[in-house]
Amino acid sequence: MRDTPDWLRDERQWRDRMRDARGDAPRRYRLVERSSEARQPYFLLRHRDRQWLGRRSVMDSPAGPSLSNRIHATHLLGDRLDMSLCSEMLLFDFTLRTATEAEGFLREASGDPSSDLVFPFPPLDAGGREAVCPPAFWARLASRPARLAEDELHMRSLCADTLARWLRPGAVVRDPACSTGDFVAAMAASCPLLRFEGSDISASMIDTARTRHAGSAVAFEVADATGTGMASCDGLIVRFLNAEVVTRAQALAIFDRLVVTVRPGGIVILFGHTPLLVPVRGQAAMHGLRVVQCSAALPEGPALVQYYVLEVPDMGRRPPSSRGRDAHVLCRKA
């Protein structure tokens, strides 16, 4: 992994260079990436019959620089894309658009939950191997719960609202890699008529979760989300099949094992701090799941995040729209 100061310098230089280039847009533009480590931030935003190229870049905030999972108009580059990949380089030929055009397209895409954010390239190290952060990195991150909470507050609100709209009172919701338990405990506080379970492969992490949330209604246990034998549930919150957490091959295998634990009429919610590695539409089709939502709009900017909701079909279940009046009973403000 590259040193943080070098990464920040290069990211800011790239951001400033693209901002300056927009002054002459729209025009044909070529980007060349020779480093395998620099490919992962590129993404495609698909809305109806249009597709734009974009690139996540560093966001500066009062809490410090970070790569947020939020996509803003400044991340969008242009459309009419031709992409070529070989071992030495990655070429993007596209029409570079103005900032105003980027804002307009993002606003359109944000109004359509079927708009899809796709990150085609997993993170690679200098040797071309898929990069996964070591356990020590996540341990350091977990020691900064305030920063983690700030980065996921918008996701807590989205997730609580989805659970309230889709699930009946008494439904069982599981977070199979709950870490410190903060997220699933927040869901339990927001949706008191649902039952929540949090598990993690790390016994010490479960001890931490039980200590931090001793008064919570969440049932915590040690369990391996990558294995078999998980009990069935009605709602599954998946926040770890993401870049830098697992490899793409691991993400696909774990997804296949987890989704079969969800009962008919239940839902699977997928998102994370980093881009998802699972090609969700294709995997959902393989399991006969209905894709309800691919992205979610945020009020800031506008902004968009990867946020997939999949339904396990149940022909006897009423659609959530007919139960919307009950949502306020199930869910408090996250």
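Every read-out reported here was derived from the displayed coordinates using simple, explicitly stated rules and does not represent laboratory data. Quantities reported herein were computed from a predicted structural model and do not represent experimental measurements. FYI the Cβ positions are ideal-geometry reconstructions off the backbone, even for glycines, and counts take in every protein chain you see.
Here are a few things to note about the model shown:
- Overall shape of segment 4-118 was characterised from the C-alpha gyration tensor. The equivalent ellipsoid obtained from it has semi-axes of 21, 19, 14 Å, in decreasing order.
- Rounded to 5, percent antiparallel among DSSP beta bridges of the chain: 70
- Sorted peptide list for 25-31, 199-205, criterion being average Cβ within 10 angstrom, highest first: 199-205, 25-31
- Total formal charge among the other residues, if their Cβ is under 15 angstrom from that of Arg174, Lys/Arg +1 and Asp/Glu -1: -2
- Cβ-defined net charge surrounding Ser199, 10 Å radius [Lys, Arg +1; Asp, Glu -1]: -4
- Built amide H within the under 5 Å cut-off of Cys178, gap 5+: Ser199, Asp200
- Simple label model, 7 Å out from Cα along Cβ direction - Leu81 to Glu108, nm: 1.6
- Projected over every direction and averaged, the convex hull enclosing the alpha-carbon atoms of the chain yields 17.2 nm².
- Backbone N within segment 217-252 under 15 Å of label point (7 Å from Arg263 Cα along the Cβ vector): 231-236
- Of all the options Arg210, Arg55, Arg34, the one that moves most in a Gaussian network model of the chain with Cα springs shorter than 10 angstrom is Arg34.
- Applying 1/(1 + (r/R0)^6) with R0 = 45 Å to the Cβ-Cβ distance of Glu221 and Arg27 gives a FRET efficiency near 0.20.
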